[in-house]
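Structure record follows, encoded as structure tokens.
Values quoted throughout were computed directly from the atomic coordinates according to the rules given, and no laboratory measurement underlies them. Since this is a predicted model, take the numbers as computed values, not measurements. When we count neighbours, we look across all protein chains shown, and the Cβ atoms used for this are built from the backbone with ideal geometry, even at glycine.
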Amino acid sequence: MTMTHPGLPLEWSIFIIMSMFLLVGRLLLMTPQNKVMSYSLSFAEIPVISRIVKFLTDSVWPLLLLKIIMVCVFLLIIMAGLFGTPIAERNIATILTWNIWWAALIISVFFIGSAWCAVCPWDTLASWLVRRKLWQRAHPNNSLNLKVPRYLSNVWPAIIMLISLTWLELGFGVTTNPYITSVLALLMVVMATVSLAIYDGKAFCRYFCPVGRTIGFYSQLAPVELRPIDPDICAKCTTLDCYHGTETVEACPTHLVMGKLKQNTYCISCGNCTQSCPDHNIAWRLRSHGKEAIQDARPHWDEAWFMLILLALTGFHGITMMPFFESWLSKTAYYLQDSGQLLWSFTLLLFTSLLLILLIYFVFILIIKITSGTKLGVKKLFSEFAFVSLPLAFAYHLAHNLNHLLRENSDLSSLIANPFGMNAQPLTMMEKHTRHMEMLIPQDLLFALQAGLMVFGFWIGLKIIQHRSDNLLKTSNWQLSPMVLFVIVITTFHVFLLSQPMIMRM
Ligand code: SF4
Ligand code: SF4
């Protein structure tokens, strides 16, 4: 018997829909503003916190210690997956990877942006293996230092990796297979290592890694950023140590120049620049959520596709956990004469959902092109408005992941005591039921958080439309209606998904 989590109650769905109406009314009636209201506060200006943050960012030890801990946990996962029980819910490899890390990773972006990348064990192991140094810059760096070919220096490789990862996760069922979970984790280390040994900088992080790019794009909405304390110092800088590195500190692995940095997308929070800047002019800053997606981030064709595919995949992810998905899958299998694991049927449904979202978005872009009478090309409008998909995907992704994280808390103490799950039996229905009932927070609070997130995503989506239209189309608020309708359609779809019972992962 499959166990399900209850969906969002009707009153919360009504609350979200009412809030959407109010926000749309406000947008259509208010005078367009050219500049978004935003705040920014450098941690370097907050008395006690500035010292703590300075210690954490200027010294190599705290980060190195965290990296060592993450690598130890990672190696435990690998060993447990390879040599432990195949029962997913009894093996720490599957529980830590899919129930905890995969769900918490996206939630972490809401608070600390791409900080995960700073301690990522794939990258840490790749660096140790290639550079052969625990910390500090290696001379020589043991890489061929080739330039990434033009056809690979975009986010298309990461798009392919993200779709493949989703296929493996939801179609192939890697989440319930500890052994394949470990093999996949090892494969990521191999790819990161090979890339580091061949290409200049961290090409894997910048162009290929599906996790890094996902949290990189979501970090455009994060409330933190690493930026210059005094932009004038950067403007007058002649050494560009943040970019080139120093004798002891590595260069920026993703080739960013701090003085010109306007978006978090490719910053992997490694902290090299905070250590290499001779003026100690780089610090973490608090800022308003979404400011970067609303006004600072520049549109690019490949990045627009990434954001839209991310939106489609998060929705598809939700659909696969609905009880009705099983019947969709069997009906598709019946027409395709597919049998066994139904991988062809799953693949067809996956690509159909991707195409559907892209098509809906494209139609709305065409409508806005025709109704606004703009001379701008479809490609430009496509790239510029794709930012609206970020808060929509992020809000739903967070709301969905909260369900996994707060409702599927495994018995961590017994997993830590027996990480390989030796001699353990599968969870009984009674144990599953108990787990299901023992939530980490009250259920009503979870519903409130999910509803709040949906309204948050919708609100940021509207601000993106308004600000980008003001700059691009110089049009009246009413002419934004096609894009507003797109945001309403997607959010309503996400609310529908959240209001359905959701199948437990394991
Ligand atoms: S981009 Fe990927 S490999 Fe690089 S640090 Fe981030 S998660 Fe790790
Ligand atoms: S060196 Fe580059 S990637 Fe690392 S924190 Fe600084 S800007 Fe980000």
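Quick notes
- Our summary gives the chain a relative contact order of 26 percent, counting only alpha carbon pairs under 8 angstrom and 6 or more residues apart.
- The lysine pair tally for region 16-162, using Cα distances under 26 Å and a gap of 8 or more places or different chains, is 4.
- Kirkwood estimate for region 67-177, i.e. one over the average of 1/r between Cα atoms, Å: 16.5 Å
- Residues ARG150, ARG287 arranged by fewest to most Cβ contacts within 10 Å: ARG150, ARG287
- Cα gyration tensor, region 291-390 - rounded (a/c under 1.5), prolate or oblate: prolate
- Estimated [θ] at 222 nm from DSSP helical runs (n ≥ 4, -39500 (n - 2.57)) normalised by residues in the chain, nearest 500: -18500 deg cm²/dmol
- Overall, the ratio between the Cα radius of gyration of the chain and 2.2 N^0.38 Å, rounded to two decimals, is 0.99.
- Convex hull of region 299-357 built on C-alpha atoms - directionally averaged projected area, nm²: 4.4 nm²
- Principal axis dimensions, largest first and in whole angstrom, of region 167-256 by Cα: 54, 33, 18
- Placing +1 on the Cβ of every Lys and Arg and -1 on the Cβ of every Asp and Glu, with nothing else charged, gives region 212-265 a dipole about its Cα centre of roughly 280 debye.
- Listed as lacking a disulfide-compatible partner in the chain: CYS72, CYS117, CYS120, CYS205, CYS209, CYS234, CYS237, CYS252, CYS267, CYS270, CYS277, by the criterion of no other cysteine Cβ under 4.7 Å.
- Distance histogram in 10 Å bins (all Cα pairs of region 387-506, percent per bin): 12, 32, 23, 17, 10, 5, 1
- For region 233-306, the spread of Cα positions along the three principal axes, ordered from largest to smallest, is 39, 25, 21 Å.
- Global form of region 319-454, assessed from the alpha-carbon gyration tensor, a/c cut-off 1.5: oblate
- More than 14 Å apart - percent of Cα-Cα pairs taken over region 458-506: 59 percent
- Shape analysis of region 102-232 yields a ratio of the Cα radius of gyration to the Kirkwood radius, Rg/Rh, of 0.99.
- Cα centroid separation - region 315-333 against region 245-279, whole Å: 44 Å
- Gyration tensor verdict on region 1-127 (Cα atoms; rounded if a/c is under 1.5, prolate if a/b is larger than b/c, oblate otherwise): oblate
- Kirkwood analysis of the Cα pair distances in region 139-298 returns a hydrodynamic radius of 17.3 Å.
- Ordering ARG505, ARG206, ARG51 from the fewest to the most neighbouring beta carbons within 10 Å gives ARG51, ARG505, ARG206.
- Cross-link partners of LYS236 among lysines (Cα-Cα below 20 Å; sequence separation of 8 or more within a chain): LYS260, LYS262
- When only Cα pairs below 8 angstrom with a gap of at least 6 residues are kept, region 306-365 shows a relative contact order of 43 percent.
- Mean Kyte hydropathy of 0.5 or more with a Cα span along the axis of at least 20 Å, helices from DSSP in the chain: 10-29, 60-83, 178-198, 301-320, 343-372, 443-472, 481-499
- Burial ordering of PHE496, PHE110, fewest other beta-carbon atoms within 10 Å first: PHE496, PHE110
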